[in-house]
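Everything below concerns the one structure shown next.
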Amino acid sequence: MNVRIEIDRNRCTTCKMCIKSCRYGVLEWLDNAPVMVNPHECAACLEYERNCEAEAIKNKVS
Ligand code: SF4
């Protein structure tokens with residue numbers, strides 16, 4: 001499974017809810033945006049996408 005995220009920086013409010021909601025520690029805050037640092041740990045549960053009220057983060061699985 002190849003997992004990556006896409007961030008819409010125009011929508012992102014920098015609330016960091018995506019990072020707080022990821023129980024697998026996949027996301028970290030870097031350069032004023034969430035980045036995926038442990039993609040191999042991602043279970044594609046989509047919790048960070050669900051918890052983003054701004055709809056700024058999208059999970060792409062291929
Ligand atoms: S939850 Fe959404 S708005 Fe908040 S920091 Fe993450 S991507 Fe940005």
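The values are calculated or read from the model by the stated rules, or taken from the named source; none is laboratory data. Here the structure is a predicted model, which means the values were calculated and not measured. Cβ placement follows ideal geometry from the backbone for every residue including glycine, while neighbour counts extend to all protein chains displayed.
Taken over region 10-31, residues that are modelled with pLDDT under 95 and more than 21 Å from residue 44 (Cα to Cα) amount to 1. From 6, 41, grab the single residue that is on the phi < 0 side of the Ramachandran plot, within 10 Å of the chain's Cα centre (by Cα) and more than 8 Å from the ligand (Cβ to nearest atom). Testing whether each residue is on the phi < 0 side of the Ramachandran plot, within 10 Å of the chain's Cα centre (by Cα) and more than 8 Å from the ligand (Cβ to nearest atom) leaves just 6. Selection of region 6-42 for residues being in a helix (DSSP H, G or I) and touching a Pro at 6+ places or on another chain (Cβ under 7 Å) yields 18, 19.
Looking across region 43-62, the residues that are charged (D, E, K, R) and in a loop (DSSP other than H, G, I, E, B) come down to 53, 55. A single entry from 28, 55 fulfils the requirement of being among the acidic types (Asp, Glu) and within 8 Å of the ligand (Cβ to nearest atom): 55. Of all residues in region 3-20, those that are surrounded by 12 or more Cβ atoms within 10 Å (Cβ to Cβ) have Cβ atoms under 7 Å from Cβ atoms of residues that are assigned to a helix (DSSP H, G or I), 6 or more apart or on another chain, in 3/39; 4/39; 18/48.
If you check residue 49 against the conditions, is it near the ligand (Cβ under 9 Å from one of its atoms) and at pLDDT below 95?
In short, yes.
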